[in-house]
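The values are calculated or read from the model by the stated rules, or taken from the named source; none is laboratory data. Note that the structure is a prediction, hence the values are computed from the model and not measured. Positions of Cβ are generated from backbone atoms using ideal geometry, with glycine treated the same way; all protein chains shown enter the neighbour counts.
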Amino acid sequence: MLELIQTYGPRFIEGFVTTMELVLLSVVLGLMIAVPVALARMSRNPLIAWPVYAYSFFFRGTPLLIQFFLLYYGLAQFESLQETTIWVVLKEAWWCGLIGLTLNTAAYTSEIIRGGMLAVPHGEIEAAQACGMTKAKMYRRIILPKAFRIAWPAYGNEIVFLLKGSALLSTITVLDLMGQARVVFARGYDLNAYVVAGVMYFVMIYLFDIGWRLTERRLNRYLGERPSARAKPARATT
Amino acid sequence: MWEVLQFGDQGWGDEIATGAVFTVLLALASVVVGIVVGLLIASAKLSKSPLVSRAAFGFTSIFRGVPELLIILIIYNGTEIALRSLVGLFGFETAIEVPKFAAATFALGMVFGAFSSEVFRGAFLAVPKGQVEAGLACGMSNRQIFFRIRMPQMWRFALPGLGNLWLILLKDTSLAAIIALDELAREAQVAAENGDAPFTVIMAAAIIYLILTAASRGGLNRAERWADKGVRRV
């Protein structure tokens, strides 16, 4: 095991960096797509709500692997596309991976945000209206901040699934952490290659979970102490 | 563009169709394994022994923290290596082929079991305590209470969570493509690499997945309504 890490350590680090790069980018880009998508899903105009629903239905109803295949293998079918300048980007596995991950996570995230928005207490919305807020201001100041707090744990779960799903990048030849582990395994037929990668993923997710929970507590600190925390003896007030 | 979906030697239609059948079979086999594993892990989590429940929670967090793809590869290649060295002990030098379907079923079943144990645990705890007390008052043993009161009533609470996990599982069967099991995603990949209309074949596979997930959602909604029909609505 030690020998394996000594020989291939740099490879694992490289893979780790690629994984982080792609996951972070797709989380940020996915969120930027997800918020407008969630708002469009709530629209009363069917011409806006329906295409967005179809997008979310497709990306949540098919495996991520198939979405990667569509981008990586599928697009080559359209010869006219290959003559355009976008092809410079689309022929790269890295970009196919980024686009696939982003569209996939945006679909799931938009559902989570929509769920959060639907759960915002009515009283808060009425209060905002009573204050004379415009719709835009109400969304910006009341609905979205509250929706994110409600959706926070579910959103964290989605990011964990995205991180695990990013291992599929290796199937379209991206050398992410999983991809590098497969290369190392193929060289020596040593199962430890997978064990090392598995431990790295596990630690990443473990640390992420802790950070996410701490952030949740900070986001909700305005709610005061939780009932469970109230059982603790009160601090002396001097 | 459409010729690629023909059946027979000309197209990939029959391969895609058998792939779809394999996908459904793999999902069904995995869900059976997964429910058994999930129930075992859930009862371990509810165990009074801290050692047993700790181990059960550890099991879940390992499967939550490691990509499914890696789990499939570790189980498949790990079994292969273990079998080879086992045979090596007796002085043979042959590679033994690990049955791919069994390996994939086992791996996906373990993942399903790890997640469903949380669903089952919550469902067991959701059965009102008064029911258990009523069983005790009737003089039932712990075993009888478990099988006659908690277990039958737990399913209704577990159904929505299990339904979600089933939808995830259905999509995760595509990961078995990595060990070249001939399910839908793998057949689509092969057809894309060897045919001249990759987008058409992969899109066909995607639509089959969509049909499977949409049909599952419909079926699950009906199952939930059926399970709740004897329950007073608040």
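Go through region A:131-178 and count every residue that is among the hydroxyl-bearing types (Ser, Thr, Tyr), within 27 Å of A:GLU21 (Cα to Cα) and surrounded by 17 or more Cβ atoms within 10 Å (Cβ to Cβ).
Final tally of qualifying residues: 4.
Looking for something more than 10 Å from chain A (Cβ to nearest Cβ) and surrounded by fewer than 18 Cβ atoms within 10 Å (Cβ to Cβ) - is there at least one such residue anywhere in region B:193-204?
Yes.
Starting from residues that are facing chain B (nearest Cβ under 8 Å) and buried (at least 19 other Cβ atoms within 10 Å of the Cβ), keep the ones in region A:186-203 and report whichever is farthest from the chain's Cα centre (by Cα).
Across region A:186-203, the extreme among qualifying residues is A:TYR194.
Filter region B:72-106 down to the residues that are of a type in the set (Phe, Trp, Tyr) and touching a residue at least 12 places away in the same chain (Cβ under 8 Å), then identify the one that is surrounded by the fewest Cβ atoms within 10 Å (Cβ to Cβ).
So the residue we want is B:PHE101.
Within region B:2-12, is there a residue that is within 13 Å of chain A (Cβ to nearest Cβ), part of a helix (DSSP H, G or I) and within 15 Å of the chain's Cα centre (by Cα)?
No, that holds for no residue.
Of these, A:THR238, A:THR171, which one is over 30 Å from B:GLU193 (Cα atoms) and either among the hydroxyl-bearing types (Ser, Thr, Tyr) or modelled with pLDDT of 95 or more (or both)?
Checking each option against the conditions leaves just A:THR238.
Take the conditions modelled with pLDDT under 95, within 26 Å of A:ALA54 (Cα to Cα) and more than 18 Å from the chain's Cα centre (by Cα) and apply them to B:PHE146. Does it pass?
It is false that B:PHE146 is modelled with pLDDT under 95, within 26 Å of A:ALA54 (Cα to Cα) and more than 18 Å from the chain's Cα centre (by Cα).
Regarding region B:26-41, can at least one residue be identified that is within 14 Å of another protein chain (Cβ to nearest Cβ) and either surrounded by fewer than 19 Cβ atoms within 10 Å (Cβ to Cβ) or without any contact (Cβ under 8 Å) to a residue 40 or more places away in the chain (or both)?
Within region B:26-41, not a single residue is within 14 Å of another protein chain (Cβ to nearest Cβ) and either surrounded by fewer than 19 Cβ atoms within 10 Å (Cβ to Cβ) or without any contact (Cβ under 8 Å) to a residue 40 or more places away in the chain (or both).
Could you say whether any residue in region B:45-67 is among the aliphatic types (A, V, I, L, M), within 30 Å of B:ILE145 (Cα to Cα) and not in a helix (DSSP H, G or I)?
Looking through region B:45-67, at least one residue is among the aliphatic types (A, V, I, L, M), within 30 Å of B:ILE145 (Cα to Cα) and not in a helix (DSSP H, G or I).
State whether one or more residues within region B:159-167 are free of Cβ contacts under 8 Å to residues at least 12 places away in the same chain, part of a helix (DSSP H, G or I) and within 12 Å of chain A (Cβ to nearest Cβ).
From region B:159-167, those free of Cβ contacts under 8 Å to residues at least 12 places away in the same chain are B:164; that's our starting set.
Retained after the next criterion (residues that are part of a helix (DSSP H, G or I)): B:164.
Remaining after also requiring within 12 Å of chain A (Cβ to nearest Cβ): B:164.
Yes, the conditions are met somewhere in region B:159-167.
Looking only at region A:43-58, which residues are more than 30 Å from A:TYR201 (Cα to Cα) and either small (Gly, Ala, Ser) or surrounded by 13 or more Cβ atoms within 10 Å (Cβ to Cβ) (or both)?
Within region A:43-58, A:SER43, A:ILE48, A:ALA49, A:TRP50, A:VAL52, A:TYR53, A:ALA54 meet the criteria.
Exactly one condition in (1) facing another protein chain (nearest Cβ under 8 Å); (2) surrounded by 17 or more Cβ atoms within 10 Å (Cβ to Cβ) is not met by B:LEU181; state its number.
(1)
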